[in-house]
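Okay, structure first, notes after.
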Amino acid sequence: MRAKGNKMIATDRLILRKFNKEDINDFHEIFSQTEVVKYLPIEPLTYKEAVDKLDNIINNLSDLDKEKPKFILAVQLKENNKVIGWVGSGPLPFAEEKIELFYALHLAYWKKGFAFEAASGLLNFLRDEYDIKPIYALVDDNNRGSVKILKKLNFTFEKKVEIEKDKYRFFNGLDLYKLKE
């Protein structure tokens, strides 16, 4: 599943790999879409904001060899090398002892099994390389597609997130799911 020297994860149709500067046009196309960022803690990105965000990911969130799994990977189609989204993991901002899985895809690739495939590939990597238990995910209960994906991945609802700190206000009211082991 993982080509160790190449630092990527392969699934049937996808390659999960480090982002690079050449991904900027695909990255901007994805994260400038209102529907894509609707359930993320960001607004649609301008081109400049996309460049800055991608630079931050490349410089700070690309190392798959860290002690803690804190990274964001490009979701790339094998058939044409197009980047169609991201998948990642890292500590929950408001509960750093808990590791979460997250993903977002270009609207044109929704409902085709790509989010499930990318998340499943990353889950296998996390289990093999980091032996993390449990793994969590956050989702807005209005995001029916992601709720469905999480359930298919064997996540179960744990609780509604209740946060009073302004810094983490975005997460208040989201559903916390936990992977069944």
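For the pair residue 38/residue 157, report the inter-label distance in nm, with labels modelled 7 Å from Cα in the Cβ direction.
2.0
Can you give the extra length, in nm with one decimal, that the chain gains between residue 143 and residue 70 once fully stretched, where that is 0.36 nm per residue apart less the Cα-Cα distance?
23.9 nm
Mind checking the full-extension length gain between residue 129 and residue 49? Use 0.36 nm per residue of separation minus the Cα-Cα distance, one decimal, nm.
Extending this stretch completely gives an extra 25.6 nm.
Quick one: if the Förster radius is 30 Å, what FRET efficiency do residue 60 and residue 82 give, using the C-beta to C-beta distance and rounding to 0.05?
The computed FRET efficiency comes out at 0.75.
Starting from the Cα of residue 172, step 7 Å along the direction of its Cβ; do the same at residue 7; then give the gap between the two resulting points in nm.
Going from the residue 172 label point to the residue 7 one covers 3.9 nm.
With charges set only on the Cβ (+1 for Lys and Arg, -1 for Asp and Glu), what does the dipole of the chain come to about its Cα centre, in debye to the nearest 20?
480
Under the Karplus relation 6.51 cos²θ - 1.76 cosθ + 1.60, θ = phi - 60°, what is the ordered set of whole-Hz ³J(HN,Hα) values for the stretch 91-99, x standing for Gly and Pro?
Calculated HN-Hα couplings, in order: x, 4, x, 9, 8, 5, 7, 9, 9 Hz.
When the Karplus curve 6.51 cos²θ - 1.76 cosθ + 1.60 is applied with θ = phi - 60°, which whole-Hz ³J(HN,Hα) does each residue of the stretch 115-122 get, with x for Gly and Pro?
Using θ = phi - 60°, the values come out as 5, 4, 5, 5, 5, 5, x, 5 Hz.
For the stretch 133-179 and the stretch 1-77, write down the distance between their C-alpha centroids in whole Å.
Each part's Cα centre sits 21 Å from the other's.
Coordinate-derived values only; no laboratory data. Not measured: the values here are computed from a predicted model. All Cβ positions, glycine included, derive from the backbone under ideal geometry; neighbour counts span all protein chains shown.
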